[in-house]
Amino acid sequence: MKKKLLAVMLTAAMAVTTLAGCGSGAAESASSDSSSTAAADSGSSSSGGGKRVAVAMPTQSSERWINDGANMKTQLEEKGYTVDLQYAEDDVQAQVSQIENMIAAGADCLVIASIDSDALVNVEAQAKEAGIPIIAYDRLLMNTDAVSYYATFDNKGVGTKIGEYIVQHCGATKDDPKTIELFMGSPDDNNAHMLYAGLMEQIQPLLDDGSLICKSGQTDFESNNTLRWDQQTAMKRCEDILTRYYADEDLDICACAYDGLSYGCMSALEGAGYTEANWPLITGQDAELMATKHIISGKQTMSIYKDTRLLASKCVTMVQAVLEGATPEINDTEQYDNGKIVVPSYLCEPVAVDKDNYKEVIIGGGYYTEEQLAN
Ligand code: BGC
C-alpha cells in the first residue's frame, strides 16, 4: 500500500517537474533510448517471476558502463526479471529523476551505479520507505542505510596494482630518478579515493627517497582528482602541467586512474611534441577496447582489466537474495563503511594487463576477440 501511494505521489511530482520544463536533456535522452524491456512478460519460467529490477547506470560515454548495463540486463532477464535500464549521462539531477521514475513505475529492486552518491540520499530514503531494496553496483552508495549489498571490484586493489606496476616497470632509482604526474578519479566517487590510497601506498616510498619526482607537486588527491572522470579535464590539466613544469625535462610516467584519463593525457602529450622516443609509461583502468588496442600498439602501457560479466553475476545473486530470500556470496564485511553502515560486499578481483599478458587474460577470458582488437 505504502509503495503504491508513494508511486502515485512521485508520478504527480514528476508530471509537475516535466510541465515546468525542468527535465534535463540528459534525462530525456537517456530515458527515451533507455533499454526498458519486458523479457519476463514473455513468460519466462525462471525464478524472477516478472519482478521489476531497475538498473540506474551513470553514463554511456564510457565503454565499461555500456557493458555493465548490457550484462546486467541479459543476466537479469535470463532469471526471469523485467529490467528497466537507464543511463543518466553523468548528469547528477538526471539520475535522481530516473530513480524517482523507477520507484514510481513500481520497481521491486533498485540497482544503482551512482554518479554522485551523496546526491541520492533522499531518493534512497524514499525507496526504503516504499520497501524497495537497493543494491550498490560498482560504486558505494554513501551516507545511507537503505542499501542492502554492494557488488564491486577490490577498489583499493586497483590502485595497488597500478602502483605495483609502476614500481616494477618504471626503472626509477635514486641515481636515475623518473618524473611522475598523477591523474586521479572523481572526488564524488568513493572508488577514486580508494584507488588513490592503494596507489600512494606503493609509490610514496619512492617519492620520499627521491626515486620518483612529481615536478608539479600535485601528489595530494585535492589537486590531482578529475571531476566526473572527465577526459577533457584530464587533457587540459596535463597540458597545463607539461607547459608549466616540463619545459626542460620529459614526463616519464602518467599515473592515470582510468583509460579515459589516459586518452586525455595522450592528446596532451602529442600536442606537446612527445614521440615514441620519449613517450611516458601510461597507466589506465577498465581495459576498454581502445585502451587494449593502445596497449598492443605501445601507446598505453597497462590497464586494469575488470570482468564486468563477473560483476553482473555477483550483483544478480544479490538481487535474488533481496527478492527471493536467497543467500548471496559475500567476501567483505569490513571495508565498505558508507558513513551510516558497513555494507556487506562482494569484491571481484581486478587484474593488471599489459602487452605481455593481454592475450591470455583478455582474449583467453573471452572479453574481446582477436578480430575486435585487430581493427
Ligand atoms: C569505476 C572504474 C571506472 C571509473 C570511471 C569507477 O567508479 O570503478 O572502473 O573506470 O568509475 O568510469
Practice item. Just check the stretch 192-340 against the gyration tensor rule for me: Cα atoms, a ≥ b ≥ c as the square roots of the eigenvalues, rounded for a/c under 1.5, and otherwise prolate or oblate depending on whether a/b exceeds b/c. Key: prolate
Review point. If you take all C-alpha pairs in the stretch 316-375, what percent of them are over 20 Å apart?
Key: 54
Check your understanding: Once a ≥ b ≥ c are taken as the square roots of the eigenvalues of the Cα gyration tensor of the stretch 85-151, is the result rounded (a/c under 1.5), prolate (a/b larger than b/c) or oblate (a/b not larger than b/c)?
Key -> rounded
Exercise for review: Work through the residues other than L323 whose Cβ is under 11 Å from its Cβ and net out their charges, Lys, Arg +1 and Asp, Glu -1.
Suggested key: +1
Exercise for review: Could you pull out every residue, at least 5 positions away or on a different chain, whose amide H is within less than 5 Å of the one on Y346? Hs are placed 1.01 Å off N in the peptide plane, and Pro or chain starts have none.
Suggested key: Y150, A151, T152, N331
Review point. Residue separation times 0.36 nm, minus the C-alpha to C-alpha distance between A105 and L373: what's the value?
Key: 92.4 nm
Revision key, fill the gap. Contact order relative to length for the chain, counting C-alpha pairs under 8 Å separated by 6 or more residues, stands in percent at 15
Review point. How much FRET efficiency would the formula 1/(1 + (r/R0)^6) give for K355 and A70, where r is the Cβ-Cβ distance and R0 is 35 Å, rounded to 0.05?
Key: 0.80
Point to revise | Radius of gyration and Dmax over the Cα atoms of the stretch 49-137, both given in Å | key: 12.1, 34
Study note, to complete from the structure: Over all pairs of different Cα atoms in the stretch 268-375, the reciprocal of the mean inverse distance gives a Kirkwood radius in Å of 16.5
**Study point:** Quarter of the Cα convex hull surface for the stretch 111-226, i.e. its orientation-mean projected area (nm²)
**Key:** 7.6
Exercise for review: Using the number of other C-beta atoms within 10 angstrom as an exposure proxy, rank S262, S211, S47, S97 with the fewest first.
Suggested key: S47, S211, S97, S262
Review point. What's the exposure ranking of M235, M72, going from fewest to most Cβ atoms within 10 Å?
Key: M235, M72
Study note, to complete from the structure: When H294, H169 are ranked with the fewest other C-beta atoms within 10 Å first, the list becomes H169, H294
Review point. Can you list the lysines whose alpha carbon sits under 28 Å from that of K156, skipping same-chain ones fewer than 8 residues off?
Key: K73, K174, K178, K215, K236, K293, K299, K306, K314, K340, K355, K359
Exercise for review: Mind telling me which of A247, A70, A257 comes out most flexible in a GNM of the chain, alpha-carbon contacts under 10 Å?
Suggested key: A247
Revision key, fill the gap. Once phi for every residue in the stretch 213-228 is put through the Karplus expression 6.51 cos²θ - 1.76 cosθ + 1.60 (θ = phi - 60°), the whole-Hz ³J(HN,Hα) values, with Gly and Pro written as x, are 10, 9, 5, 6, x, 8, 9, 7, 4, 4, 9, 10, 6, 10, 4, 6
Study note, to complete from the structure: In whole Hz, the Karplus estimates of ³J(HN,Hα) for the stretch 316-325 (6.51, -1.76, 1.60; θ = phi - 60°; x where Gly or Pro) are 4, 5, 6, 4, 4, 4, 6, 8, 10, x
**Study point:** Three principal axis lengths of the chain [C-alpha, angstrom, descending]
**Key:** 71, 45, 41
Check your understanding: Residues with amide H under 5 Å of I213's amide H, sequence separation 5 or more or different chain, H placed in the peptide plane at 1.01 Å from N; which?
Key -> K178, T179, I180
Practice item. Name the residues whose placed amide hydrogens come within less than 5 Å of the amide hydrogen of G48, ignoring near sequence neighbours (fewer than 5 apart) on the same chain. Key: G80, Y81
Check your understanding: Tell me, what is the percent relative contact order of the stretch 225-285, built from C-alpha pairs under 8 Å that lie six or more residues apart?
Key -> 43
Study note, to complete from the structure: Ordering 216-227, 49-60 by per-residue average of other C-beta atoms within 10 angstrom, highest first, gives 49-60, 216-227
Review point. Over the stretch 213-369, what relative contact order in percent results from Cα pairs under 8 Å that are six or more residues apart?
Key: 16
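A short reminder: the numbers here are calculations on the coordinates, not readings from a lab. Keep in mind the model is a prediction, meaning the values are calculated, not measured. Every residue, glycine as well, gets a Cβ built from its backbone with ideal geometry; the counts of neighbours run over all protein chains shown.
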